[in-house]
1. Normalized C-alpha radius of gyration of segment 116-159, against 2.2 N^0.38 Å?
2. Choose one of 185, 166, 227: the residue whose Cα lies farthest towards the positive end of the charge dipole of segment 133-232 (beta-carbon charges +1 Lys, Arg; -1 Asp, Glu; about the Cα centre).
3. If you average the C-alpha positions of segment 168-233 and of segment 399-466 separately, how far apart do those two centres end up, in angstrom?
4. Just from the alpha-carbon atoms, what are the Rg and Dmax of segment 77-119 in angstroms?
5. Can you list residues from other chains, or at least 5 along the same chain, whose modelled amide H is less than 5 Å from the amide H of residue 312?
6. Report the charge-dipole magnitude of segment 65-136 in Debye, nearest 20, computed about the Cα centre from +1 at each Lys and Arg Cβ and -1 at each Asp and Glu Cβ.
7. What ranking, highest mean first, results for peptides 383-396, 5-18 when packing means the other Cβ atoms within 10 Å averaged over each residue?
8. How many percent of the alpha carbon pairs in segment 368-447 exceed a separation of 20 Å?
Amino acid sequence: MEKGIRISDLLGNEAKWLGKRVIVQGWVKTRRDSKAGVGFIELNDGSSLKGLQVITESGGGEYGAVLAKITTGSAILAEGVVSESPGKGQSIELRAERLHLYGGADPATYPLQKKRHSFEYLRQIGHLRPRTNTIGAAARVRSRLSFAIHQFFQERGFHYIHTPIITASDCEGAGEVFRVTTLDPARPCGEGAEDPYRGDFFAKPAFLTVSGQLQAEIYALALGKVYTFGPTFRAENSNTSRHLAEFWMVEPEMAFHDLDDNLETALAFIKYLAAAALRECPEEVEFFSRFIDPELEKRLHNAAESSFEVITYTEAVDILKKSGEPFEFPVEWGGDLQAEHERYITEKVFGKPVGIVNFPRTLKPFYMRVNEDEKTVAAMDILVPGTGEIIGGSQREERLDVLLEQMRLKGVARDDYRWYIELREFGSAPHSGFGLGFERLVQFVTGIPNIREVIPFPRTPGHAEF
Ligand code: 4AD
Ligand code: MG
């Protein structure tokens, strides 16, 4: 007899398992009893969206006593023979000859009912929501995409670098950093002293990283092609459906790559991930297309198979100005593109992923390479329908004199970035990279409207539960 079989294995290899005796373990999604005394349990073990139909017979003794206690939400074991199912909706089922109840769930208080719950409600029960179809499916997609990300880079000769989570630099220079300190805010030792950080753990200001880019640059200028994939933190006080205070970012960094090479890698990356989702998560993609976003499959095929559009920031501003759309935020050359602008371009104008390049120098951080016009930098954003900006990146400034000028203009202290400057003094080389917001990717691949549903435990202003 086979123990520890996963339901996805049974449902994916029906011919192999028919007639075999197996043990399955999972949580009861629904339970229904016919008048004739036959019971139908839908058992889910998290391995797939679909559950296994477990057939029970009414009876006495141990079996009957256990069966009587099994309710929606219970964790159980069922042992029996895999049989052909006469019913609709499944081709095999398990005729349970032995049942074991690990833990029951009182139907009067179990927070997950058979009806559809709102996402807002599910967020309050983050400890139980992975048992729902949508959150469970999103978690499986997330896992599979993480693996595909490593595959993409490893197949192409990139090295995985673990950049620090605690850092002394603010890569994006936007001041949206969380401080890391062991000082007690109620008793700030050293207040008024010459060095307020004297009693602090690192003896200087330290933060949670907003990006692993600057450290990835160090390794790219030694190992050639590297990537980081880890948590990043931003104290952005924005309560939107695409912002988190803690999110995961994938950041490749490549020596001897200019902006065009960078774009090419980013577009190949998105194509690869869209194709991986279609290939590896067909059940989930079909589910999300049915219940969340009817356009999803079309969009993924579009991203996996068709070409992408690339325009300059200046062209984007022209398109937006001529559009006649009643945007909430006005468009002027030199201003940031807002979410509504990004979505108009990628959804309405092109209907596919779009790269926007060469942004105004004043809008972007100090490390981006200054273009010949001296007004723009070699930056790129990639926008996708439904989500807007999913990738931000650039060619980095490798010329020492231009970098120092950029730092002066942006008020970045040289003393804090001595090592970054030295990389331009010793063996400097053109290099580029980008950052993909992992949760935005999962949103793109699932169609889930709010970013709080694609990460297990969302952190947003006022929320750090679990
Ligand atoms: O455009 P960003 O700020 O770029 C950087 O941090 C660069 N240092 C990356 C690099 O070149 N290595 O962020 C990159 C991406 C965005 O395009 C977006 O997808 C995601 O990270 N992102 C967020 N995702 C969720 N919540 C937030 N608050 C996010 N901020 C950025
Ligand atoms: Mg950005």
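1. Working: Rg = 15.2 Å, N = 44, 2.2 N^0.38 = 9.3 Å.
Scaled against compact globular proteins, the figure is 1.64.
2. Towards the positive end, the residue furthest out is 227.
3. About 13 Å separates the Cα centre of segment 168-233 from the one of segment 399-466.
4. When restricted to the Cα atoms of segment 77-119, Rg and Dmax are 15.0, 38 Å.
5. Placed amide hydrogens put 357 under 5 Å from residue 312.
6. 300 debye
7. Ranked by mean Cβ neighbours within 10 Å, highest first: 383-396, 5-18.
8. Percentage above 20 Å: 46.
FYI, it's all coordinate maths here, none of it is from the lab. In this text, all values refer to a predicted model and were calculated from it rather than measured experimentally. Here the Cβ is made from the backbone with ideal geometry for all residues, glycine too, and neighbour counts use every protein chain on show.
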